[in-house]
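The values are calculated or read from the model by the stated rules, or taken from the named source; none is laboratory data. Keep in mind it's a predicted model, so treat the numbers as computed, not measured. Cβ placement follows ideal geometry from the backbone for every residue including glycine, while neighbour counts extend to all protein chains displayed.
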Amino acid sequence: MRLYVEPMDAVVVEVSSDGRVRLEKEDWSMPTLQERRAIIYAAKSEIEALNEMVEILDAPGTPPSSSHPPRAR
């Protein structure tokens with residue numbers, strides 16, 4: 001996993017079951033309340049964006065991209 005958290009200018013790469021996080025190029029640490037809120041907000045925003053992308057790509061009748069024509073079989 002890689003989650004960019006803008007307010008922290010950091011990338012979360014792992015989260016343990018006890019709530020500790022490992023940031024890119026750092027050791028495990030327990031985030032402050034403010035950091036936890038920033039991580040949760042970033043994660044929820046990313047989930048929303050990914051769900052929207054899946055809905056768009058999974059919609060019936062979604063035309064192929066004009067910049068990449070379908071490959072001949």
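Laid out as a table, the results:
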{"item": "Answer from 49, 43, 59, 38 - the residue that is in contact with a Leu (Cβ under 7 Å, 6 or more places away or on another chain) and not β-branched (Val, Ile, Thr)", "result": "43"}
{"item": "Residues being more than 12 Å from residue 5 (Cα to Cα), under 19 Å from the mean Cα position of the chain (by Cα) and of a type in the set (Gly, Ala, Ser) - total across the stretch 17-39", "result": "2"}
{"item": "Selection status of residue 47, at pLDDT below 95, among the aliphatic types (A, V, I, L, M) and on the phi < 0 side of the Ramachandran plot", "result": "no"}
{"item": "Search result, residues across the stretch 1-38 that are of a type in the set (D, E, K, R) and touching a strand residue (DSSP E or B) at 6+ places or on another chain (Cβ under 6 Å)", "result": "2, 14, 20, 22, 24"}
{"item": "Residue satisfying all of: in the stretch 21-41; among the acidic types (Asp, Glu) and farther than 9 Å from residue 8 by Cβ; surrounded by the fewest Cβ atoms within 10 Å (Cβ to Cβ) among these", "result": "27"}
